[in-house]
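Enquirer: Mind having a look at this structure? Questions to follow.
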Amino acid sequence: MSRIGKTFERLAREQRKALIPYITAGFPFADITPSLMHAMVEAGSDVIELGVPFSDPMADGPVIQKAGERALALGIGLAQVLEMVRTFRTKDADTPVVLMGYANPVERYELTHGAASFARDAGAAGVDGVLIVDYPPEECEAFAAQLKQHGLDLIFLLAPTSTEQRIQQVARVASGYVYYVSLKGVTGAGHLDTAAVEEALPRIRKHVKIPVGVGFGIRDAQTARAIGRVADAVVIGTKVIQVVEEQPREQVLPALSSFLSGIRNALDSRG
């Protein structure tokens, strides 16, 4: 069983929900990411989503786009992201790490390093799962097989507009967990309707038998707690970026830890 599977199995036994924060690799400083990842774990995070910077991130709103642009300007590409994961793994052998990004950096990496090199090198670095926003499930069976060979899960997005057919396609290929996008539009957009999320999840779970995390629009302890009542995991990205983006270097880790600890406490509250 993968680290992701073991983590969700443990949380289910403990009757707790997964906290999955997202941070863009190399943001806000090129060398700070492994330390940020450790701070996330110490604050109660269960899985870390690490964004691979890309110049045309079509699913991301302005906050995450800006973070990606800053990381790219600092020279952060996929090879550097894998090195960050390797560094993180020297002190943490247990916390799952998921790379989230787009097809172009993966395909460019394989042009340089050879066919199927991404799955091989990501697995060797200690990556546990991959979410490629623009890889549709019907075109991913070979890629999924490569990842599986190296112990990686392939994670997919579902949205309010996903058809029954798309949900079934995702259910056939996905492993680890499925990420339900609670809003139409890009990351950071709109107002989260928790009732609509609660209504959508049974339709997904009819076909998807692995955990379902919910993200896009979760900004505070109150919304995280509400989503945690109905989902298996709460994913927070844009707000994490906002918490750290304006901090001086010495305040980045304390600010992030304080924010995520509040979310963890809200998810664990029984009241």
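The values are calculated or read from the model by the stated rules, or taken from the named source; none is laboratory data. All values reported here derive from a predicted model rather than from experimental measurement. Don't worry about glycine lacking a Cβ; one is built from the backbone with ideal geometry, like all the others, and counts go over all protein chains shown.
Enquirer: Any residue in the stretch 190-209 that is modelled with pLDDT under 90 sitting within a Cβ distance under 6 Å of a residue that is of a type outside the set (A, V, I, L, M, F, W, C) and not in a loop (DSSP other than H, G, I, E, B)? List the pairs, counting only those 6 or more apart or interchain.
Expert: Leu192/Thr223
Enquirer: Same structure again: Consider Gln168 carefully, then state whether it is surrounded by fewer than 16 Cβ atoms within 10 Å (Cβ to Cβ) and closer than 23 Å to Ala59 by Cα.
Expert: Judged against the criteria, Gln168 is a match.
Enquirer: Of all residues in the stretch 59-93, count the ones that are among the basic types (Lys, Arg) and surrounded by 17 or more Cβ atoms within 10 Å (Cβ to Cβ). Break it down stepwise before answering.
Expert: Filtering the stretch 59-93 down to residues among the basic types (Lys, Arg) leaves 66, 70, 86, 89, 91.
Narrowing further to those that are surrounded by 17 or more Cβ atoms within 10 Å (Cβ to Cβ): 70, 89.
Matching residues across the stretch 59-93 total 2.
Enquirer: Would you list the strands (runs of 3 or more DSSP E) that sit entirely within the stretch 171-271 and hold 1 or more residues that are over 17 Å from Pro160 (Cβ atoms)? So that I can check it myself, show each step before the final result.
Expert: Values: elements: 178-181, 212-215, 233-236.
The strands (runs of 3 or more DSSP E) meeting that bar are 233-236.
Enquirer: Going through Arg264, Arg203 one at a time, which residue ends up being touching a strand residue (DSSP E or B) at 6+ places or on another chain (Cβ under 9 Å) and either surrounded by fewer than 20 Cβ atoms within 10 Å (Cβ to Cβ) or charged (D, E, K, R) (or both)? Break it down into steps so the answer makes sense when it comes.
Expert: Details: Arg203 fails: touching a strand residue (DSSP E or B) at 6+ places or on another chain (Cβ under 9 Å).
Criteria check complete, one pass: Arg264.
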